[in-house]
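The values are calculated or read from the model by the stated rules, or taken from the named source; none is laboratory data. Given the structure is predicted, the values throughout are model-derived calculations rather than measurements. Cβ sites come from the backbone with ideal geometry, for glycine too, and all protein chains shown count toward neighbours. These area figures cover heavy atoms from the full protein model, side chains too; ligands, DNA and RNA do not enter into them. Shrake-Rupley method; radii C 1.70, N 1.55, O 1.52, S 1.80 Å.
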Amino acid sequence: MQHEYALEGDYEALEHLYLAKIERLEEELRDQEQAEHESKQEQMDYFTLWLHQIKTPIAVMSLLQQQLPHTESKKQIEQELIRVEDYTHMALSYLKLEGSTQELDLVEVELDTVIRKVIKKYASLFIYNYIQLEYEPVKLKVISDGKWLEVIVEQLLSNSLKYAVKGKISIYTEGNSLVIADNGPGIRAEDLPKVFEKGYTGLSGRLHEKSTGLGLFLSRKICKRLGHSLEIESEVGKYTKAILHLEQKDLLLFD
């Protein structure tokens, strides 16, 4: 009997030892997770600050180039500045999306107001690259967040402008969906399922060195937050269509 009591005492001591070890491991894991969270937050804060600061020299360069004489060099500088502004805005939007805890500002948005603002931003690219624009007011109101919706339309139109040089871009609606179509080189069938992956550029992007592989990834991520959806249709050598479905579906505030 004394031997059995001794064994029982050993088991209890061993159990307490294991429980204490598990508790220490859980505490170490919590500390590690907290440290990783703080490190990630510190990085996001740094890059957000950097992106805000870089906007000032970009604005100054934009003002300076406007004072240059009208030459081919000025056209090239203006186009490259637009690309720099786009990449900066894209990165800032991504950081805001990743770290956002704010509620969406869902209101009735005039879609034409958003479209016209984005077209005006890229007006020089249409002119310098001899791209024809087909657009008539769509007269559609949607429930969305105007600022985030503008980011999506910017990304979709920017993509079309990259590949529709001396071509045509059409902006129109089909029901409650906004369509931005171009007659550029198109996307291969095997690339279509991957176009929304982060960093994926496909053959056209690699050949022309114009794509970051972030625009469509960011656009779909925003769509999920807004309750919209996005799809791409394309045929090589004929067209590419970005179709933004604006029906209000389930909102995804965090993913």
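The rows are residues; the columns are (1) open to solvent by 60 Å² or more (accessible area, probe 1.4 Å); (2) over 22 Å from residue 230 (Cα atoms); (3) not polar (S, T, N, Q).
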position	(1), (2), (3)
120	yes, yes, yes
146	no, no, yes
149	no, no, yes
155	no, no, no
Inset, instruction - Sort out which residues of the range 228-239 are surrounded by fewer than 20 Cβ atoms within 10 Å (Cβ to Cβ) and in a loop (DSSP other than H, G, I, E, B), and write them in order of number. - result: 236, 237, 238
Legend entry - Residue among 112, 31, 45 that is at negative phi, out of contact with any His (no Cβ under 9 Å at 6 or more places or on another chain), charged (D, E, K, R) and surrounded by 15 or more Cβ atoms within 10 Å (Cβ to Cβ): 112
Inset, instruction - Looking only at the range 82-99, decide whether some residue is open to solvent by 80 Å² or more (accessible area, probe 1.4 Å) and not in a helix (DSSP H, G or I). - result: no
